[in-house]
Every structure is written in structure tokens, then in C-alpha cells.
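This report refers to the structure that appears directly beneath it.
The values are calculated or read from the model by the stated rules, or taken from the named source; none is laboratory data. What you see is a predicted model, and the numbers here were worked out from it, not measured in a lab. Positions of Cβ are generated from backbone atoms using ideal geometry, with glycine treated the same way; all protein chains shown enter the neighbour counts.
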Amino acid sequence: MSLKTFLQNRNNANTLEKAIEHVRKTLETVVEFERGFTIYAKEKNPELALEIFRRVGTLESEADTLRRDLLKNIATSELSPMMRENLSVLVKRIDRIANAADGAGRRMAGLESQHLLALGEEIFDLVLEMIHFSVEATKILFHMMKRLEDEDEKIFMMCEKIQTLEHKCDMLHSHIYEKLNRLEEAPFNHFVAIQISNLVDMIESITDKVEDVSDYIEILKTARR
């Protein structure tokens, strides 16, 4: 069974609705992470930001619950084994987006505020721009899931937009590391520097994971068209 055949079968409407709700919760997770990081970087309010990051963790947990329910729904549905496998892979890839946002929030919670704030406005602005592109990519993915029945060409255009945003994040990622490498007399030790490096990688990975989902949808739409 192809994705097109799956979408045309009204018996599968409940599975699709659950999948859309899962992506919606994933989008909420990424948006909330952006809000927390903005408050941390722009308002210099780590305490409030950490409260928001805890909210990110709650949203990610809710997304996990939706993922489990959705996988059970797929496992018990009247789908071909191949389509069950395809949809299960798709759901698991979507879940990684929320995991990445939550992981970044947890990493920030584990770092001393004076160490992060010592990075300076320029680096924070670049990271914020990268997070913004991650949110935009996740929004496109959400609309893509709601419009899977659209013509393939429209879906492929959305995939291209996500790929463009992911490429912009790659460029920002490299630029941020250039700035980090030029920091002089950073007020933290090598272990903290490694954690900050990991944080930057985690944030960049959000868009990578959105692109992974987009690419997989493109493959499913292309297969047996």
C-alpha cells in the first residue's frame, strides 16, 4: 500500500488525525524551547527560562504519550505490514524532533548562567536565528502533515523549503563555531566548553531531524506513485 492509497482510505482517518496531533505537540515543544532561549538570551532571566525549559520537558513527555498511542493504533490497524512499518518509522522520526528540543533545554539547565551569558550577544543572536529557522521548519512540517493529500508537487515544494532552512542552520552552525573558537579568556573550564559545544550541536540537530522527517515523507510520496 502506498501513502496515497492510505490517505484515500477513510478507515485510516483516525490514524492520520493522531499523527497530526503528534506533530502539533512536537511543534509546541520546539516553540516553547525558542521562547525559553529568548528569555534567557535577551531578558537575561535564567530562572524564568529554566521554568519554561521544564515546560518543554512536559510537552516532550506528552508527545511521547501521543507517540505510544499512535504506534499502538498503527499496530492494530488494518494496514499492510509495509505501511505499518513505514508509518511507525515516520512517527519515531517525528518524535526525535521533540527529543532534541527537550535535550537542549536540559543541557542549558545543567550549565551555570554566568558561563552561558559570557558567550556574548553576538553568539546568542546567531543561536537564536538558528532556533528560529528550526521553528519555521517544524511549522512547515506540521502544515505538510495536515496536507498530505495535496498533490505531490506541493508536498515536494514544502520539502524543499525545509531543506533550505536546514542548510541555513548548517551555515549558522559553522559560523557559531568560528565565533566560539575566537573567544578569549572564557570564564569556564574545558568540561563546560564541551557542554556548550554539545548544546550548540543539539540545537542545530532540531532542524536536521525535521529534514529527516521531510525526506522520509518525500520518499513515501514518491514510492509507487
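Each row is one residue, and each column tells you yes or no for (1) under 15 Å from Lys25 (Cβ atoms); (2) of a type in the set (Ser, Thr, Tyr); (3) in contact with a Leu (Cβ under 9 Å, 6 or more places away or on another chain).
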position: Glu78; (1), (2), (3): no, no, no
position: Pro81; (1), (2), (3): no, no, no
position: Lys92; (1), (2), (3): yes, no, yes
position: Leu117; (1), (2), (3): no, no, no
position: Gly120; (1), (2), (3): no, no, yes
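Checking the conditions here, which among Leu59, Leu116, Leu50 is modelled with pLDDT under 95, farther than 26 Å from Thr164 by Cα, out of contact with any Cys (no Cβ under 8 Å at 6 or more places or on another chain) and part of a helix (DSSP H, G or I)? Don't jump to the end; show me each part of the working.
Working: Leu59 fails: modelled with pLDDT under 95; Leu50 fails: modelled with pLDDT under 95.
The conditions single out Leu116.
Name the one entry in Ser205, Ser197 that is of a type in the set (Ser, Thr, Tyr), assigned to a helix (DSSP H, G or I) and within 18 Å of His115 (Cα to Cα). First the steps, then the outcome.
Numbers: Ser205 fails: within 18 Å of His115 (Cα to Cα).
Of Ser205, Ser197, the one residue that is of a type in the set (Ser, Thr, Tyr), assigned to a helix (DSSP H, G or I) and within 18 Å of His115 (Cα to Cα) is Ser197.
So is Glu85 acidic (Asp, Glu), free of Cβ contacts under 8 Å to residues at least 24 places away in the same chain, surrounded by fewer than 21 Cβ atoms within 10 Å (Cβ to Cβ) and over 22 Å from Ile203 (Cα atoms) or not? Outline the logic, then answer.
On the way: acidic (Asp, Glu): yes; free of Cβ contacts under 8 Å to residues at least 24 places away in the same chain: yes; surrounded by fewer than 21 Cβ atoms within 10 Å (Cβ to Cβ): yes; over 22 Å from Ile203 (Cα atoms): yes.
Considered against the rule, which asks whether it is acidic (Asp, Glu), free of Cβ contacts under 8 Å to residues at least 24 places away in the same chain, surrounded by fewer than 21 Cβ atoms within 10 Å (Cβ to Cβ) and over 22 Å from Ile203 (Cα atoms), Glu85 comes out as yes.
Taking residues in the range 143-161 that are closer than 21 Å to Glu17 by Cβ and of a type in the set (Val, Ile, Thr), and partners anywhere that are in a helix (DSSP H, G or I) and at pLDDT below 90, the pairs with Cβ atoms closer than 8 Å and at least 6 places apart or on different chains are Ile155/Lys221.
Say we look at the range 16-38 and pick out the residues that are surrounded by fewer than 21 Cβ atoms within 10 Å (Cβ to Cβ) and more than 12 Å from the chain's Cα centre (by Cα); which of these is nearest to Ile140 (Cα to Cα)? Result: Ile20.
Residues in the range 70-84 that are out of contact with any helix residue (DSSP H, G or I) (no Cβ under 8 Å at 6 or more places or on another chain) and at pLDDT below 90: Thr76, Ser80, Pro81, Met82.
Only one of Leu70, Leu116, Leu66, Leu90 is closer than 26 Å to Lys146 by Cβ, in contact with a Phe, Trp or Tyr (Cβ under 8 Å, 6 or more places away or on another chain), touching a residue at least 40 places away in the same chain (Cβ under 8 Å) and not small (Gly, Ala, Ser). Can you tell me which? Break it down stepwise before answering.
Numbers: Leu70 fails: in contact with a Phe, Trp or Tyr (Cβ under 8 Å, 6 or more places away or on another chain); Leu116 fails: closer than 26 Å to Lys146 by Cβ; Leu66 fails: in contact with a Phe, Trp or Tyr (Cβ under 8 Å, 6 or more places away or on another chain).
Just a single option satisfies the conditions, and that option is Leu90.
Please work out which residue is surrounded by the fewest Cβ atoms within 10 Å (Cβ to Cβ), limiting yourself to the range 149-192 and to residues that are outside any helix (DSSP H, G or I), out of contact with any helix residue (DSSP H, G or I) (no Cβ under 6 Å at 6 or more places or on another chain) and on the phi < 0 side of the Ramachandran plot. Before you say what the answer is, go through the steps one by one.
We begin by selecting, within the range 149-192, every residue outside any helix (DSSP H, G or I); these are 149-151, 182-189.
So of that shortlist, the ones also out of contact with any helix residue (DSSP H, G or I) (no Cβ under 6 Å at 6 or more places or on another chain) come out as 150-151, 182-187, 189.
Then drop every residue that is not on the phi < 0 side of the Ramachandran plot, which leaves 150-151, 182-184, 186-187, 189.
Details: Asp150: 15, Glu151: 10, Arg182: 8, Leu183: 15, Glu184: 4, Ala186: 14, Pro187: 11, Asn189: 9.
Looking at residues that are outside any helix (DSSP H, G or I), out of contact with any helix residue (DSSP H, G or I) (no Cβ under 6 Å at 6 or more places or on another chain) and on the phi < 0 side of the Ramachandran plot, I get Glu184.
Here Gly103 fulfils each of the conditions (1) closer than 30 Å to Phe188 by Cα; (2) crowded, with 18+ Cβ neighbours inside 10 Å; (3) in contact with an Asp or Glu (Cβ under 6 Å, 6 or more places away or on another chain) apart from (3).
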